[in-house]
Amino acid sequence: MTNISEIKHTDDNNIIYHYTTIEALQGMLFGNRELWLGDSSFMNDTKELTEFIDRLKNEIISSVHNIDKEKCKSFFQKVYECAKKNYPYIMSFSKRRDDAAQWERYANNAKGICIGFYKNKLDSLKRKIKEPFFLQTVFYDFNVRKHKHFDCVKNYICDNDLDPFTNEESLIENIVATACSFKNVSFSAEDEIRAIILYVDSPSEFVRVEFEIRNGVIKKYAKIKWYDVCKKLELNIQDLISEIIIGPRSQQKIDILKEYLSLNDYDDLALKVKNSECPLR
């Protein structure tokens, strides 16, 4: 399977922000207390995963001799099939705090909330999650010829050299995993970091896949029981959150939210609640 250590993580800012609804906060902190990672086939980018794969394929086809072009096309057909069959699960965060565009697009038209997470502590959940789980910075403006997969795939197509991969399947899986990290430059304002689960073979102690109806559509989610994971790691779930910001168009009263949290044993979180300073009308 994919070697997660081969995927580079690059970001100095330790706080990342998840824009969402007040109902989502309820689901994270009460009841099953879960983080939901959505099937990436339902992301708002129509070229999700394929942006990187398309560019890689086109650049390699243009760089190999005619005799190798058919092999190249056949190889990438397998890559597309793998991506279609094994869509990763993604939860999106942004480096941008209290950002107008994020509020309008992802937080119920700025009526929701923004949750700040400590990236290093969120990333530590992978120590107890058996599925391939990791955080990854998204890249928008990139030269695919400088990516390691360009040489890896070209060497395999031209010389049947798979090094450093053990077989074709592992190379294909790694390309699909890498594709999660690249998006079209038109999305660059999102400044995104992703929590990713590459696949879920079967329900485990902390992760399961379930179907939910959202906006009239049935969707798949990988649900992480992060409260239970934190208990195993001897972490307080409240310590993973830096702040909770109430949206600029929300009617939620800050004192009520603070009281609600305190009455449910989230005293530390109650102290971290604040109103947005974004001047959206």
Quick one: count up the residues across region 140-169 that are closer than 30 Å to N120 by Cβ and surrounded by fewer than 16 Cβ atoms within 10 Å (Cβ to Cβ).
6
Taking the stated definitions as given, is I244 out of contact with any helix residue (DSSP H, G or I) (no Cβ under 8 Å at 6 or more places or on another chain) and in a strand (DSSP E or B)?
no
Take region 107-132 and flag every residue that is out of contact with any Asp or Glu (no Cβ under 9 Å at 6 or more places or on another chain) and among the aromatic types (F, W, Y).
F117
Taking region 183-197, which residues are crowded, with 21+ Cβ neighbours inside 10 Å, under 17 Å from T50 (Cα atoms) and not charged (D, E, K, R)?
I196
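For (1) over 18 Å from F42 (Cβ atoms); (2) of a type in the set (K, R); (3) part of a loop (DSSP other than H, G, I, E, B), each residue gets a yes or a no:
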| position | (1), (2), (3) |
| --- | --- |
| E210 | no, no, no |
| I218 | no, no, no |
| Y227 | yes, no, no |
| C230 | yes, no, no |
| L235 | yes, no, yes |
| D239 | yes, no, no |
| I256 | yes, no, no |
| L280 | yes, no, yes |
For region 170-180, what are the residues that are buried (at least 20 other Cβ atoms within 10 Å of the Cβ) and small (G, A, S)?
A177, A179
Quick one: count up the residues across region 198-212 that are under 23 Å from L122 (Cα atoms) and surrounded by fewer than 14 Cβ atoms within 10 Å (Cβ to Cβ).
6
Hey, could you check region 25-46 for residues that are within 16 Å of the chain's Cα centre (by Cα) and among the small types (G, A, S) and say which is farthest from Q102 (Cα to Cα)?
S41
Can you report the number of residues in region 175-193 which are farther than 23 Å from D98 by Cα and either at pLDDT 95 or above or assigned to a helix (DSSP H, G or I) (or both)?
5
Scan region 49-81 for residues that are in contact (Cβ under 8 Å) with a residue 40 or more places away in the chain, part of a helix (DSSP H, G or I) and surrounded by fewer than 16 Cβ atoms within 10 Å (Cβ to Cβ) and report the count.
3
Could you list, in sequence order, all residues of region 51-71 that are of a type in the set (S, T, N, Q) and out of contact with any helix residue (DSSP H, G or I) (no Cβ under 7 Å at 6 or more places or on another chain)?
N58, S62, N66
Report, by residue number, each residue of region 261-276 that is touching a helix residue (DSSP H, G or I) at 6+ places or on another chain (Cβ under 8 Å) and part of a helix (DSSP H, G or I).
L261, S262, D267, D268, L269, A270
Among the residues of region 160-170, is any assigned to a helix (DSSP H, G or I) and of a type in the set (V, I, T)?
no
Residue ID - farthest from Y17 (Cα to Cα), chosen from residues in region 82-100 that are hydrophobic (A, V, I, L, M, F, W, C) and either at pLDDT below 95 or crowded, with 16+ Cβ neighbours inside 10 Å (or both):
C82
Can you find a residue in region 152-174 that is of a type in the set (A, V, I, L, M), under 30 Å from K272 (Cβ atoms) and modelled with pLDDT of 95 or more?
no
Pairs, first touching a residue at least 12 places away in the same chain (Cβ under 8 Å) and over 17 Å from T21 (Cβ atoms) in region 254-280, second of a type in the set (D, E, K, R) and part of a helix (DSSP H, G or I), C-beta under 6 Å, six or more apart
A270/K258
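The values are calculated or read from the model by the stated rules, or taken from the named source; none is laboratory data. A quick note: this is a predicted structure, and the numbers were derived from the prediction, not measured. Ideal geometry is used to build each Cβ from the backbone, glycine not excepted, and the neighbour counts take in all protein chains shown.
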